[in-house]
1. Which of the trypsin sites (Lys or Arg not before Pro) found in segment 1-101 are loop residues per DSSP with 11 or fewer other Cβ atoms within 10 Å of their Cβ?
2. Explain nothing, just the number: dipole magnitude of segment 11-107 about its Cα centre with +1 on each Lys and Arg Cβ and -1 on each Asp and Glu Cβ, in debye rounded to the nearest 20.
3. Want the number for ARG77 to GLU89: 0.36 nm per residue separation, take away the alpha-carbon distance, what's left?
4. So for the chain, averaging the separation of alpha carbon pairs under 8 Å that are six or more residues apart and normalising by length, what relative contact order in percent results?
5. Could you list the chymotrypsin sites (Phe, Trp or Tyr not before Pro) in segment 48-92 that lie in coil according to DSSP, counting only those with at most 16 other Cβ atoms within 10 Å of their Cβ?
6. Note down the net charge around ARG50, summing +1 for each Lys or Arg and -1 for each Asp or Glu among other residues with Cβ under 11 Å from its Cβ.
7. Please build a GNM for the chain, connecting alpha carbons under 10 Å apart, and tell me which residue among GLU96, GLU85, GLU32 fluctuates the most.
8. Tell me the label only: which of (i) 43, 25, 12; (ii) 33, 15, 10; (iii) 22, 18, 12 is semi-axes √(5λ) of the Cα gyration tensor in Å as calculated from this structure?
Amino acid sequence: MYENEGEGQQDPNNQKRLRKVLMDQIKRQQIERQKKEVVKKLVDNAAYERLMNIKISNYDLYAQLIDLVISLAQSNRIRGKLTEEQLVEILKRATERREPKLEFKHK
């Protein structure tokens, strides 16, 4: 009989945690939206489409590329809009893996 009395009330600490999680998520979305708007101004349509495809397939790589494009623009290393070909070149450099060098020493 008394078991259901507290169902309508939530733990205040739990509410604070949920509110904080929600606010953090909203902040991340706003930052993401701002970055997207900046990048849209820095790249041409084909490059932007490629970025969105990368976002779908590999979000971490997308985030890395966005940050890289923004930092290149801030350091004035981009003149005009970035083309898809230039973006592909940046992508190659960002994902390039160096082959480990093996040395054999004979005794």
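1. ARG77, ARG79, ARG97, ARG98, LYS101
2. Working: 23 positive and 14 negative charges, 80 e Å.
Charge dipole, segment 11-107, about its Cα centre: 380 debye, nearest 20.
3. On the way: separation 12, 0.36 × 12 = 4.32 nm, distance 1.42 nm.
Fully extending the segment from ARG77 to GLU89 adds 2.9 nm.
4. Details: 42 pairs, mean separation 28.5, N = 107.
Relative contact order comes out at 27 percent.
5. Details: sites: TYR48, TYR59, TYR62; in loops: none.
Loop-located and lightly packed - none at all.
6. Around ARG50, the charge tally is -3.
7. GLU96
8. Entry (i).
Every read-out reported here was derived from the displayed coordinates using simple, explicitly stated rules and does not represent laboratory data. All values reported here derive from a predicted model rather than from experimental measurement. Reconstructed Cβ throughout: ideal geometry from the backbone, glycine too, with neighbour counts over all protein chains shown.
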